[in-house]
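> I'd like to ask some things about the structure below.
The values are calculated or read from the model by the stated rules, or taken from the named source; none is laboratory data. No experiment lies behind these values; they were computed from the predicted model shown. Note: ideal-geometry Cβ built from the backbone for every residue, glycine included; neighbour counts use all protein chains shown. Quick note on the areas: whole protein, heavy atoms, side chains included, nothing else; ligands and nucleic acids left out. Shrake-Rupley method; radii C 1.70, N 1.55, O 1.52, S 1.80 Å.
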Amino acid sequence: MPYEPKHVFASLPQMERGFSKVIGGDPKGNNFLYTNGKCVIIRDIDNPAIADIYTEHAHQVIVAKYAPSGYYIASGDESGKLRIWDTTQKEHMLKYEYTPFGGKIKDIAWTEDSKRIAVVGEGREKFGAVFLWDSGSSVGGVNGHSKLINSVDIKPSRPYRMITGSDDAFSVFHEGPPFKFKLTLRNHSQFVNCVRYAPNGDHFATAGADGQIHVYDGKTGDHVASLGGAKAHNGGIYAISWSPDSSQLISASGDKTVKLWDVGAGTAVSTFNMGTEVTAQQLGCLWQKDHLLSISLSGYINYLDKNNPDRPIRTIKGHSKSIHCLTVHKSDGRSYIYSGSHDGHINYWDAETGENDCFSGKGHSNQVTKMVTDGADDLVTCSMDDTLRFTNLNKKDYSASDVVKMDTQPKSVTAVAGGVSLAVGIEQIVLLKDKKKVFTLENLDYEPQVADIHPGGTTAAVGGNDGKIRLYSIEGNTLKLEDQVLDVSGLVTGLAYSNDGAYLASIDEKRAATLFTVADGYSVKNTFHGHHAKPVSLAWSPDNEHFATGGMDMLVFVWTISDEERRIKIQDPHRLHHISSLAWVDEHTLVTTSYDATIKQWTITY
């Protein structure tokens, strides 16, 4: 194969304020899984840089759970589709697919023999169903609730029992199979967000928006205790998870803490303070082997330290929203990938290990549209918040960044060594020197879309909505329009000079890539066709012999400049998602990203 997947840097869970996030764990204790958009993400719990992504749902996936056997995963989406698929093979073959009810699936539970599944949520005609995994035949009913059901669990040993928790503030205890309504538990005063059985089946616990946790007898449903007395937390509780030995549990709350409880004593052993910002609200948790995980509203995954409750052992960061731009910067012999997303978040990744972090301080407040490095040590970014930022890559702190306010929303930015940068916005082109505006061209007779400065620093190419590329000479602190105009077939969506300045490549909405030879008066060297829909990103390989394009057709092509027929086609690299940005780590390593909030690296062999 001319290309091989090399690394996957997975997205974080998709979070929503006021709603719990279910994290699943595999029965062997090696992996955990969660959802983001249409993806189910499986990560190695000891080394979360190792990730696998399942993308076969047509709608947003809400929850995924391993079967106790470990061989299958059931995942449910917002349309009411439940897919049961194989975990042992890379292809994740679909075993069965059901639609137990029309509407959002919020939680899933298996019986310990992996033969029956309970599914609950926000159905239009009913709020839950319980059935045989291989035939879909009903094994009872999920009854007793008047509003949507948030959570379900099944006793992990015979005789089976099932517990559900709902927005109607009740929990309902079922006996089975076939599962039948037995009794209603009325101890909560607000939404019941999470219900979970202890691994030994002796007890189950319910947690609610009223800040209470109640513990019950697993076989009879009798109330045993309330953890922490009247209130377990000062805010709503979104998730609970039992210890493997069933003696303790952790709870995640909107009060920005996670608590570790001794269930027998009914008291908190320790309280993990997760921060003061709203984004530190805790919406999910998982106790897996010795690992205690919690998920913040920010999407960050925290590995909690029992011995030091105020400082997690590690925090996994990344993106939870779609990524729109990428660039690569080398520092001390290592390559780092920088990525900017829809919510204004910027992250940086060690290209080899996947270790990552975000800039500290307050940065962009809206989508990061484009990012480049300036040949010195600054990351230059433009955003829908109408600003350009120059952020020092050594300090990685927004407070050390220079912010330039733009008159119109910037669409694209480019920069070269020597402190020269150029931004294009609605009806204007702005030249900047040493992070300050020095010259603005306004009232243009076309709409500039993208720009790039020749590595020599004296010429800028600007692509317009009229299918033309105009060349401007940079003379001191001014821009001067040159006579020559380059024609392409449609609105220019991307353009870039090769690293040695020998070529200019462009892509346009008519699906063509055009290559110009700079030294030969910008004569057309080649045009490349292959995309089925608009390409939106273009990146030159460091070898100056190849460039990559990616777009709305979910394809990436690597083109050879000397031969239009020699191409490498990467089919659907981010399954079901458009390509949003490309970059190169080295001449054989291509980085791709997409609206799936995931970054992938590919080994390219020519």
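> Please count how many residues of region 431-466 are over 20 Å from residue 544 (Cβ atoms) and either part of a loop (DSSP other than H, G, I, E, B) or acidic (Asp, Glu) (or both).
10
> Would you pick out the residues in region 338-351 that are more than 22 Å from residue 387 (Cα to Cα) and in contact (Cβ under 8 Å) with a residue 40 or more places away in the chain?
Kept after step one, since they are more than 22 Å from residue 387 (Cα to Cα), are these residues of region 338-351: 349-351.
The answer is 349, 351.
> Now for a separate question. Filter region 544-571 down to residues that are assigned to a loop (DSSP other than H, G, I, E, B) and open to solvent by 40 Å² or more (accessible area, probe 1.4 Å) and give me whichever is modelled with the lowest pLDDT. Before you say what the answer is, go through the steps one by one.
Applying the first criterion (assigned to a loop (DSSP other than H, G, I, E, B)) to region 544-571 yields 544-545, 552-554, 561-562.
Remaining after also requiring open to solvent by 40 Å² or more (accessible area, probe 1.4 Å): 545, 552, 554, 562.
Details: 545: 97, 552: 96, 554: 96, 562: 90.
Filtering first and then ranking leaves 562.
> Run down 433, 480, 468 and say which single residue is open to solvent by 30 Å² or more (accessible area, probe 1.4 Å), touching a strand residue (DSSP E or B) at 6+ places or on another chain (Cβ under 7 Å) and under 21 Å from residue 388 (Cβ atoms).
On the way: 480 fails: under 21 Å from residue 388 (Cβ atoms); 468 fails: under 21 Å from residue 388 (Cβ atoms).
Unique residue meeting the criteria: 433.
> So, one more: From the list 294, 251, 335, which one is open to solvent by 10 Å² or more (accessible area, probe 1.4 Å) and part of a strand (DSSP E or B)? Steps first, please.
Values: 294 fails: open to solvent by 10 Å² or more (accessible area, probe 1.4 Å); 251 fails: open to solvent by 10 Å² or more (accessible area, probe 1.4 Å).
From the options 294, 251, 335, the qualifying one is 335.
> Could we say that residue 207 is hydrophobic (A, V, I, L, M, F, W, C), touching a Phe, Trp or Tyr at 6+ places or on another chain (Cβ under 8 Å) and under 23 Å from residue 173 (Cα atoms) here?
Working: hydrophobic (A, V, I, L, M, F, W, C): yes; touching a Phe, Trp or Tyr at 6+ places or on another chain (Cβ under 8 Å): yes; under 23 Å from residue 173 (Cα atoms): yes.
So residue 207 passes the test.
> Right, another one. If you go through region 78-105 one residue at a time, how many are open to solvent by 10 Å² or more (accessible area, probe 1.4 Å), within 22 Å of the chain's Cα centre (by Cα) and free of Cβ contacts under 8 Å to residues at least 60 places away in the same chain? Walk me through it before giving the result.
To start, the set of residues in region 78-105 that are open to solvent by 10 Å² or more (accessible area, probe 1.4 Å) comprises 78-79, 81, 83, 86-100, 102, 104.
Restricting the remaining residues to those that are within 22 Å of the chain's Cα centre (by Cα) gives 78-79, 81, 83, 87, 90-92, 104.
Retained after the next criterion (residues that are free of Cβ contacts under 8 Å to residues at least 60 places away in the same chain): 78-79, 81, 83, 90-92, 104.
Selection size over region 78-105: 8.
> How about region 132-187: which of its residues are hydroxyl-bearing (Ser, Thr, Tyr) and either over 15 Å from residue 110 (Cα atoms) or surrounded by 19 or more Cβ atoms within 10 Å (Cβ to Cβ) (or both)? Before the answer, list the steps.
First, the residues of region 132-187 that are hydroxyl-bearing (Ser, Thr, Tyr): 135, 137-138, 146, 151, 157, 160, 164, 166, 171, 184.
Those that are hydroxyl-bearing (Ser, Thr, Tyr) and either over 15 Å from residue 110 (Cα atoms) or surrounded by 19 or more Cβ atoms within 10 Å (Cβ to Cβ) (or both): 146, 151, 160, 164, 166, 171, 184.
> Filter region 376-430 for residues that are in a loop (DSSP other than H, G, I, E, B) and within 20 Å of residue 339 (Cβ to Cβ) and give the result.
Residues of region 376-430 that are in a loop (DSSP other than H, G, I, E, B), as a first pass: 376-377, 384-386, 393-396, 401, 406-409, 417-419, 426-427.
377, 384, 385, 393, 394, 395, 396, 401 - these are the residues of region 376-430 that are in a loop (DSSP other than H, G, I, E, B) and within 20 Å of residue 339 (Cβ to Cβ).
> What do you reckon, is residue 322 open to solvent by less than 40 Å² (accessible area, probe 1.4 Å), of a type in the set (S, T, N, Q), at pLDDT below 95 and out of contact with any helix residue (DSSP H, G or I) (no Cβ under 9 Å at 6 or more places or on another chain)? Even if it seems obvious, please write down each step before you answer.
On the way: open to solvent by less than 40 Å² (accessible area, probe 1.4 Å): yes; of a type in the set (S, T, N, Q): yes; at pLDDT below 95: no; out of contact with any helix residue (DSSP H, G or I) (no Cβ under 9 Å at 6 or more places or on another chain): yes.
Here the answer is no, as residue 322 does not meet what is asked.
> Can you tell me how many residues in region 493-530 are of a type outside the set (Phe, Trp, Tyr), at positive phi and more than 33 Å from the chain's Cα centre (by Cα)?
2
> Starting from residues that are closer than 30 Å to residue 537 by Cα and surrounded by 22 or more Cβ atoms within 10 Å (Cβ to Cβ), keep the ones in region 299-319 and report whichever is nearest to the chain's Cα centre (by Cα). Reasoning before the result, please.
Just the residues of region 299-319 that are closer than 30 Å to residue 537 by Cα, to begin with: 299-300, 316-319.
If we keep only those that are surrounded by 22 or more Cβ atoms within 10 Å (Cβ to Cβ) as well, we get 299-300, 318-319.
On the way: 299: 9, 300: 11, 318: 7, 319: 5 Å.
Among residues in region 299-319 that are closer than 30 Å to residue 537 by Cα and surrounded by 22 or more Cβ atoms within 10 Å (Cβ to Cβ), the one nearest to the chain's Cα centre (by Cα) is 319.
> Quick one: is residue 206 among the hydroxyl-bearing types (Ser, Thr, Tyr), surrounded by fewer than 21 Cβ atoms within 10 Å (Cβ to Cβ) and over 24 Å from residue 309 (Cβ atoms)? Talk me through it step by step, then tell me what you get.
Working: among the hydroxyl-bearing types (Ser, Thr, Tyr): yes; surrounded by fewer than 21 Cβ atoms within 10 Å (Cβ to Cβ): no; over 24 Å from residue 309 (Cβ atoms): yes.
Against the criterion (among the hydroxyl-bearing types (Ser, Thr, Tyr), surrounded by fewer than 21 Cβ atoms within 10 Å (Cβ to Cβ) and over 24 Å from residue 309 (Cβ atoms)), residue 206 does not qualify.
> I'd like to know if region 32-43 contains one or more residues that are surrounded by fewer than 16 Cβ atoms within 10 Å (Cβ to Cβ) and at pLDDT 95 or above. Give the steps one after another, and end with the answer.
Step one: filter region 32-43 for residues surrounded by fewer than 16 Cβ atoms within 10 Å (Cβ to Cβ), giving none.
Looking through region 32-43, none of the residues is surrounded by fewer than 16 Cβ atoms within 10 Å (Cβ to Cβ) and at pLDDT 95 or above.
> Which condition from (1) closer than 18 Å to residue 483 by Cα; (2) modelled with pLDDT of 95 or more; (3) open to solvent by 10 Å² or more (accessible area, probe 1.4 Å) is the one that residue 439 breaks?
Going through the list (1) closer than 18 Å to residue 483 by Cα; (2) modelled with pLDDT of 95 or more; (3) open to solvent by 10 Å² or more (accessible area, probe 1.4 Å), residue 439 breaks only (1).
> Find all pairs meeting these conditions: Cβ atoms under 9 angstrom apart; at least six residues apart or on different chains; first residue within region 129-152 and free of Cβ contacts under 8 Å to residues at least 12 places away in the same chain; second residue among the hydroxyl-bearing types (Ser, Thr, Tyr).
The qualifying pairs are 135/96.
> Return the residues of region 107-122 that are open to solvent by 10 Å² or more (accessible area, probe 1.4 Å) and in contact with a Phe, Trp or Tyr (Cβ under 9 Å, 6 or more places away or on another chain); say none if nothing qualifies. Before the answer, list the steps.
From region 107-122, those open to solvent by 10 Å² or more (accessible area, probe 1.4 Å) are 110, 112-116, 122; that's our starting set.
Answer for region 107-122, where residues must be open to solvent by 10 Å² or more (accessible area, probe 1.4 Å) and in contact with a Phe, Trp or Tyr (Cβ under 9 Å, 6 or more places away or on another chain): 110, 112, 114, 115, 116, 122.
> Name the residue, out of 69, 75, 11, that is without any contact (Cβ under 8 Å) to a residue 60 or more places away in the chain, among the polar types (S, T, N, Q) and surrounded by 18 or more Cβ atoms within 10 Å (Cβ to Cβ).
Working: 69 fails: surrounded by 18 or more Cβ atoms within 10 Å (Cβ to Cβ); 11 fails: without any contact (Cβ under 8 Å) to a residue 60 or more places away in the chain.
Criteria check complete, one pass: 75.
> In region 493-529, what residues are farther than 26 Å from residue 373 by Cβ, open to solvent by 20 Å² or more (accessible area, probe 1.4 Å) and not β-branched (Val, Ile, Thr)?
Correct list: 509, 510, 511, 520, 521, 523, 525, 526, 529.
> Going through 278, 224 one at a time, which residue ends up being open to solvent by 50 Å² or more (accessible area, probe 1.4 Å), of a type in the set (A, V, I, L, M, F, W, C) and touching a residue at least 60 places away in the same chain (Cβ under 8 Å)? Quick ask: steps written out before the conclusion?
On the way: 224 fails: touching a residue at least 60 places away in the same chain (Cβ under 8 Å).
On inspection, the qualifying residue turns out to be 278.
> A further question on this structure: Go over the candidates 223, 214, 203 one by one and state the one that is of a type outside the set (Lys, Arg) and in contact with a Gly (Cβ under 7 Å, 6 or more places away or on another chain). Let's see the steps before the verdict.
Working: 223 fails: in contact with a Gly (Cβ under 7 Å, 6 or more places away or on another chain); 214 fails: in contact with a Gly (Cβ under 7 Å, 6 or more places away or on another chain).
Unique residue meeting the criteria: 203.
> Being under 25 Å from the mean Cα position of the chain (by Cα), open to solvent by less than 10 Å² (accessible area, probe 1.4 Å) and among the polar types (S, T, N, Q) narrows it down to one residue among 589, 603; which is it?
On the way: 603 fails: open to solvent by less than 10 Å² (accessible area, probe 1.4 Å).
Just one listed residue meets the conditions, 589.
> Tally the residues that are more than 25 Å from residue 454 (Cβ to Cβ) and of a type in the set (Val, Ile, Thr), restricting the search to region 373-416.
2
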